[in-house]
1. Suppose we keep only residues that are within 26 Å of the chain's Cα centre (by Cα) and open to solvent by 30 Å² or more (accessible area, probe 1.4 Å) within the stretch 95-143. Which one would you say is farthest from Lys402 (Cα to Cα)?
2. Considering the stretch 256-270 alone, what residues qualify as being at pLDDT 95 or above and crowded, with 18+ Cβ neighbours inside 10 Å?
3. Kindly evaluate Tyr78 against the criterion of being more than 28 Å from Val200 (Cα to Cα), at pLDDT 90 or above, open to solvent by 50 Å² or more (accessible area, probe 1.4 Å) and of a type in the set (Phe, Trp, Tyr).
4. Just to be sure before I move on: is Arg375 within 30 Å of Asp217 (Cβ to Cβ) and either under 24 Å from the mean Cα position of the chain (by Cα) or modelled with pLDDT under 95 (or both) in the structure I sent?
5. Right, Pro354: in contact with a Lys or Arg (Cβ under 7 Å, 6 or more places away or on another chain) and either touching a residue at least 40 places away in the same chain (Cβ under 8 Å) or open to solvent by 60 Å² or more (accessible area, probe 1.4 Å) (or both) or not?
6. Could you check how many residues of the stretch 144-173 are open to solvent by 30 Å² or more (accessible area, probe 1.4 Å) and either at pLDDT 95 or above or among the polar types (S, T, N, Q) (or both)?
7. Among the residues of the stretch 158-177 satisfying the criterion of being free of Cβ contacts under 8 Å to residues at least 40 places away in the same chain and hydrophobic (A, V, I, L, M, F, W, C), which is farthest from Val338 (Cα to Cα)?
8. Name the residue, out of Tyr190, Tyr234, that is surrounded by fewer than 20 Cβ atoms within 10 Å (Cβ to Cβ) and under 22 Å from the mean Cα position of the chain (by Cα).
Amino acid sequence: MKIAFYIHHSTISAGGIFTYSIGILRQLVNSPDIEKIIIITSKEAADTLDEFRKNKKIEIRVVDRKNILVNLMFLNWYGLYIVTLFVQKLVLAKVSFNRVKQFLAKLNPYQIIFKINEIDILHIPVQYSPIYKANTPVIITMHDLQEYHFPQYFSLKERLHRFINNRMAIYDSDHIIVSFEHIKKDIIKYFNIDSEKVSVCPPPFAEDWFLNKNESDWNQIQKKYNLKKKYILYPAATWEHKNHLTLLDAVKKIRNEGLDYELLCTGNKTKYFSILVIKIKELQLSDSVHFLGIVPEEDLISLYKNSALVVIPTLYEAGSGPLYEAMRYQVPVICSKVTSLPDTVANNEFLFDPENVSELVMKIKSGLIDEDFRRRNIENSKQRMEYFRKKNYSENFIEVYKRLYKQVDLH
């Protein structure tokens, strides 16, 4: 099979979705069923893909979305597509608009790549595809429908954007891949589609997803980030559902009890970060809490390995990359008991209610000072990583590709 694989132009700063894409790509490269992979991406993202350039299976095709003509073509396609969806909705979707959508695909700048390279399957490992109803079957990876669970965390504009683009992705893609069963259930529940259109394909949890395998020297890291004390680590963008506020309350309480640990947070600083700054000042934690923003991968690896404890208090998570990374590096880690996280850890001792500060404080204290707890935690992580390593993750993706490819041949 000859497949196209889309690396989104913004996913370098998107954290987990980018690392997910790289993890899947590494699996596909090693599959004997894949003859060729055309990576479709932006120039900025292409510059980070050096490890794949020398592989004979791979070609990298850049679509310059900063080019005025390319951007106008894309916006023209997108606008006409939305109008088509609106009209389709008005006529209660009883009239097929596929031919109209297929015609519009010819206006899309990405279509040229598919036409030239005769691609069998296009896999978009992010929520939204840059093209639908193309000559090539489109598979998307739907990572979450969080707005249905926590609508209060999204502005009206954000909810409208997600509503439109989710409908496009779910109804007009040819197949949907999800990493966890709970996401599949959400898609079926909220969009009333056939369960056969959605496949659960877990990513390679036991593999290192970082592009850079090097680890920064710890002495240099201490100087670079002015680290003088032991610290708790939480790698997550400052979205409201990541629940930094509860973690700050917990850190204040353990410090009041005499545990002199700092909190380090890495990840993209969103608009919500300003709320966290106010909270930090209110709790008088300015000298003990440090938000480092997005750090280089080699620095993050070193920060993981030298942390006293990794804490993941998120309220919602499709799947937690930091959880797998902490387990992989055998750093004590505790996490909230939401969505897929309990199945990942498979041990209730290391879970907590993310809305219960007292319970979080208790778990943090155990993770910092109870040596037996820490030993059991690391041993649990070793066992879980061994379990994940035994699985063949690529075969799930290849099976979906083959099934869709056969369906196209039959038509």
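1. Only one residue fits best here, namely Tyr128.
2. Tyr261, Glu262, Leu263, Leu264, Cys265, Thr266, listed by residue number.
3. Answer is yes for this residue.
4. no
5. Judged against the criteria, Pro354 is not a match.
6. 2
7. Here the answer is Leu160.
8. Exactly one of Tyr190, Tyr234 is surrounded by fewer than 20 Cβ atoms within 10 Å (Cβ to Cβ) and under 22 Å from the mean Cα position of the chain (by Cα), namely Tyr190.
The values are calculated or read from the model by the stated rules, or taken from the named source; none is laboratory data. Just so you know, these numbers come straight off a predicted model, no measurement behind them. Glycine gets a Cβ as well: all are built from the backbone with ideal geometry, and neighbour counts include every protein chain shown. To get the accessible areas, we keep the full protein, side chains included, count just its heavy atoms, and leave off ligands, DNA and RNA. Shrake-Rupley method; radii C 1.70, N 1.55, O 1.52, S 1.80 Å.
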